[in-house]
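Asks: Below is one structure. I have some questions about it.
The values are calculated or read from the model by the stated rules, or taken from the named source; none is laboratory data. Small disclaimer: the values here were computed from a predicted structure and weren't measured. Virtual Cβ from ideal backbone geometry, glycine too; neighbours counted across all protein chains shown. Note: accessible area is taken over every heavy atom of the protein model, side chains too, but ligands, DNA and RNA are not part of it. Shrake-Rupley method; radii C 1.70, N 1.55, O 1.52, S 1.80 Å.
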2 protein chains.
Amino acid sequence: MSELYDTIIIGGGVAGFSAAMYGGRLKLKTLVISAVRGGTIILTNEIANWPGIKMTDGITLAKQIEDHALEYPDVSVIDEKVVDVEKSASGFMVKTDEGKSFESKTIIFATGTEWKKLGVSGEKEYTGKGVHYCALCDGYFYKNKEIAVVGGADSAAKEAILLTQWAKKVYMIYRGEKIRPEPVNLARVEQKVKEGKIEIIPNTNITEIKGEAKMTHVLLDKEYNGSKEFKIDGVFVEIGHIPQSQLAAKLGVNLDRKGDIVISRAAETNIPGIFAAGDVVNTKFKQAITGSAEGVLAVYSAFEWIKKD
Amino acid sequence: MSELYDTIIIGGGVAGFSAAMYGGRLKLKTLVISAVRGGTIILTNEIANWPGIKMTDGITLAKQIEDHALEYPDVSVIDEKVVDVEKSASGFMVKTDEGKSFESKTIIFATGTEWKKLGVSGEKEYTGKGVHYCALCDGYFYKNKEIAVVGGADSAAKEAILLTQWAKKVYMIYRGEKIRPEPVNLARVEQKVKEGKIEIIPNTNITEIKGEAKMTHVLLDKEYNGSKEFKIDGVFVEIGHIPQSQLAAKLGVNLDRKGDIVISRAAETNIPGIFAAGDVVNTKFKQAITGSAEGVLAVYSAFEWIKKD
C-alpha cells in the first residue's frame, strides 16, 4: 500500500466537497472519490434556496464548493466509482471500478440518492426544463402554474401538498386506483381536492413527455377530458428515491426502513470511523444546505475520532 | 392584537435569516426580530469556511443571507430586542423592549451566544485584528505564527489543540495554577507541550492589548521571560460563551448543562411549536453553515407543525 488517508469521502456532491473543504482546513489528508462531480444537484437548473445566493444553478454551485475544497493542499479528488469498502488494519480499504485501492483511517459516505425515473421518452431531455424530481427545490418557479405530480405514495402526496403553496393547480397522476399516503397526508390531499387545488387522475401513466425548448405537454395511456394529450407547465416525478447506501450497509452501518443511513446530530453512524452526510442520510428535509452542514459535521467528527488516540 | 404570524424568528444572524428565507419559500408569514442584524459573525473579518466562498467577511455574508430572506414578500424584520415570550391562545406572544407585542403560531430561537470578554483595554479595538473568539473560524489565518489562547477550561484546551494545526506555537495564558480540561484533552495538551507546540503560562492574566493597525503585543500582570510585555501575533479568548437561552428556558425548553438549547435532528425542541437553530443550540461543532442548516430545518419543522391540523 502507498499512503494512508485520514479520511476518504465517497461522493463528490455538495455534501462531499463541503466535508472535503473542512478536511482541508483541519489538515486531514483527504481524498474525495467521485463518480459524478457535483452529484444530483447538477440536474437542477435554477437554485434559489442556497442561503445568500438569490439565484444560481446546480452546476455553478457544485463547482464553487468543489473549487473551494481543492484550494487546500491536503485535499485531492479522483473520478472513479467506488465498488467496495472493507475494514482493514489501519481503518478501511476502498476499491474502485478501475481496480485501484486506497486505505483510510475514516470513511465519509456522501453517496447521495438516485431519483427513480419514469423511463419514458422526453424525460431526460426535459429534465430541469419542466421535468423535476424535487418539489421544494423547484416548486417555487411554478407560481400560478398548472403542474403534475407523478406518484401516489406518501412522498408524492407531500410533494403535491407542498406544490399547492405555489401552483394554481396540481394534478396527481397515479398508476393505481387510490393514492396511498399516510392518513394524515391523505386527509390533507382530500382537503386540497375539495378546495380545487389538487385533482387526482388515477389508473393513468405518462407514456411520453413532449415540448420544444421547454416541456409543453405529456401523453397519457388513458384519455383525460377526452384526450390522451395533456397540456401542463411542469411534471414532478415522485416515484421514489434509491439511497446509495449499499456499501455502508455491507459494513454494518444502520439504515432506516427507507434505506437511508442513520446518523447522529454529529453525522456519526453506528460504526466507529464511519460518518455520513447529504441525501444518503435520514434527514427529514434534504436540502443542499443541510447536506453541506452534515458534511462539515462528518469531517469534524472524523477529525475528533482520529485525534482521540 | 393585529396580525398572527406563522413564525417569529428571534435573532437576525445567519441561522435566523436562513430560517426566514425558507419561511418565505414556504409562504409562512414570517417575522424576524433582530437586536443585532447579522449576529456575532459580523465580528469576524475573514471568513474562508462558508462552502463555495473562498474568502469573504462576516458583514458581507450576513447581509447576503438577510437580503436573500427579505426578497420574499411574506418575510419582514424589525430591529428590536425581545424581552419576553409567553404562551398565548394562538401560540406565543412575543414582547420587545420598545413595548410592542407580536403573536405567532410558532417560535424559532436563533438567539446565538455571547462570547465572554476579557474586559481589558484594547480588546474591542483589536477584535478581528488579532483578537479572536473562535479558533476554527479564524485559526487558519495564523499559519506558522505564534498565538495565545486565554483560558484553561476544556474549551480553551480544545481550541489550543486545534490551533496547533496551523500555528508554530500556542501559548495558553491561564489565570489559575493548572489548566482543567477533560482528561483526554489534558493528555493531548501535555503531548503538545512535549512537542514544543503548546506552552502553558499559568497564574497570569492579560491586562491590556496593544498594537497599531493590528494587535502586536499584550501586557501581562506577571513577568514572562523577564518582561510583562509579551509579543504575540494573535490572541484567542476562550473563557466561555453565554448561550442566549434564558427566554427559551422560561418557556420550559430543555437546555443542556452548558445552557445550550437541546434540539432534535429536525431542530425541534421539547416544546411543541418551539424550534431552535444556530449558536444557541447544542451542536458539537458550531459553524455558520451548521447554523444555517439548522435554521432551514427549524422553519420546515415549524411549517409541518402548522400544517398538520
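Asks: Can you pull the one-decimal nm distance between simple spin-label points at A:Ala89 and B:Val193, each 7 Å off the Cα toward Cβ?
Replies: Distance between the two pseudo-spin positions: 3.5 nm.
Asks: Hey, what does the equivalent ellipsoid look like for the range B:18-149, semi-axes from the Cα gyration tensor as sqrt of 5 times each eigenvalue, largest first, whole Å?
Replies: Working: eigenvalues 223, 74, 25 Å².
The answer is 33, 19, 11 Å, longest axis first.
Asks: Quick one: go through the range A:188-213 and flag any residue whose amide nitrogen is under 18 Å from the point 7 Å out along the Cα-to-Cβ line of A:Ser121.
Replies: A:205-213
Asks: Could you pull the Rg and Dmax for the range A:160-303, using just the Cα atoms, both in Å?
Replies: Spelled out, the Cα radius of gyration and Dmax of the range A:160-303 are 19.8, 62 Å.
Asks: Show me the helices of chain A, taken as full DSSP H stretches, that run 15 Å or more along their long axis by Cα and average 0.5 or above in Kyte-Doolittle hydropathy.
Replies: Values: long enough: A:14-25 (17 Å, 0.54); A:58-70 (18 Å, 0.12); A:183-194 (16 Å, -0.52); A:288-307 (29 Å, 0.75).
Answer set is A:14-25, A:288-307.
Asks: I want to verify a result. In a Gaussian network model of chain B, Cα cutoff 10 Å, which of these has the top mean-square fluctuation: B:Gln287, B:Gln246, B:Gln191?
Replies: Answer for the Gaussian network model of chain B: B:Gln191.
Asks: Further question on the same structure: When the helices in the protein assembly as shown are scored as -39500 (n - 2.57) per DSSP H run of 4 or longer and the sum is shared across all residues, what 222 nm value do you end up with, to the nearest 500 deg cm²/dmol? Spell out each step's value before the answer.
Replies: Numbers: 14 runs with 152 residues, N = 618.
Helix-only estimate at 222 nm: -7500 deg cm²/dmol.
Asks: Based on the Cα coordinates of the range B:117-237, what is the per residue volume of their convex hull in Å³?
Replies: Values: hull volume 11.3 nm³, N = 121.
In the range B:117-237, the Cα convex hull volume per residue is 93 Å³.
Asks: Here's something else I'd like to know. Dimensions of chain B along principal axes (Cα, Å, largest first)?
Replies: Its Cα atoms span 69, 37, 36 Å along the three principal axes.
Asks: OK, next. Using a Gaussian network model on chain B with a 10 Å cutoff between Cα atoms, which of B:Thr290, B:Thr96, B:Thr40 fluctuates the most?
Replies: For chain B, modelled as a Gaussian network with Cα springs under 10 Å, the answer is B:Thr96.
Asks: In whole angstrom, and with the biggest value first, how far do the Cα coordinates of the range B:193-277 range along each principal axis?
Replies: 59, 34, 23
Asks: While we're on this one: If you count, for every residue in B:264-274, the Cβ atoms of partner chains within 10 Å of its Cβ, what is the mean? Working shown, then result.
Replies: On the way: counts 2, 11, 3, 3, 1, 0, 0, 0, 0, 0, 0.
Whole-number average of other-chain Cβ neighbours for B:264-274 is 2.
Asks: Return the average number of partner chain Cβ atoms within 10 angstrom of each residue Cβ along peptide A:58-68. Please list the in-between numbers first.
Replies: Values: counts 0, 0, 1, 2, 1, 1, 4, 4, 2, 2, 8.
Average neighbour count from other chains, rounded to a whole number: 2.
Asks: If you don't mind, another one. Taking the alpha-carbon set of the range B:110-167, what are its Rg and Dmax in Å?
Replies: Looking at the range B:110-167, its Cα Rg and Dmax stand at 11.9, 36 Å.
Asks: Now, a different point. Taking 8 Å as the Cα distance limit and 6 or more residues as the minimum spacing, I'd like the relative contact order of chain B as a percentage.
Replies: Values: 745 pairs, mean separation 63.8, N = 309.
Here the relative contact order equals 21 percent.
Asks: Amide H of A:Gly38 versus every other amide H placed in the peptide plane: which residues, excluding those fewer than 5 positions away on the same chain, fall under 5 Å?
Replies: A:Gly12, A:Gly13
Asks: For the range A:191-309, with every protein chain kept in place, what is the accessible area per residue (1.4 Å probe, Å²)? Each step should come with its number before you reach the end.
Replies: Values: 5220 Å² over 119 residues.
Computed with neighbouring chains in place, this is 44 Å² per residue.
Asks: Positive end of the charge dipole of the range B:117-237 (Lys, Arg +1 and Asp, Glu -1 on Cβ, about the Cα centre): tell me which of B:Leu136, B:Ile232, B:Leu118 has its Cα farthest that way.
Replies: B:Leu136
Asks: Still on this structure, please answer the following. List every residue whose amide H lies under 5 Å from the amide H of B:Lys87, counting only residues 5 or more places away in sequence or on a different chain, with H placed 1.01 Å from N in the peptide plane.
Replies: Here B:Met93 satisfy the definition.
Asks: Sticking with this one: Per residue of the range B:119-132, in order, report the coupling 6.51 cos²θ - 1.76 cosθ + 1.60 (Karplus, θ = phi - 60°) as ³J(HN,Hα) in whole Hz, putting x for Gly and Pro.
Replies: x, 10, 4, x, 5, 5, 4, 9, 4, x, 10, x, 9, 9
Asks: Further question on the same structure: Would you mind pulling out the separation of the Cα centroids of the range B:124-194 and the range A:176-203, in Å?
Replies: The range B:124-194 and the range A:176-203 have Cα centres spaced 58 Å from each other.
Asks: Just to be sure I follow: if Rg is taken over the C-alpha atoms of the protein assembly as shown and Rh is the Kirkwood radius over the same atoms, what is Rg/Rh?
Replies: Details: Rg = 25.8 Å, Rh = 25.7 Å.
Using only Cα positions, Rg/Rh for the protein assembly as shown is 1.00.
Asks: Averaged over A:164-171, how many beta carbons belonging to a partner chain fall within 10 Å of each residue's beta carbon?
Replies: On the way: counts 1, 6, 3, 0, 0, 0, 0, 0.
What the average comes to for A:164-171 is 1.
Asks: For chain B, modelled as a Gaussian network with Cα springs under 10 Å, which listed residue fluctuates most, B:Asn203, B:Asn144, B:Asn225?
Replies: Looking only at B:Asn203, B:Asn144, B:Asn225, the biggest GNM fluctuation is shown by B:Asn225.
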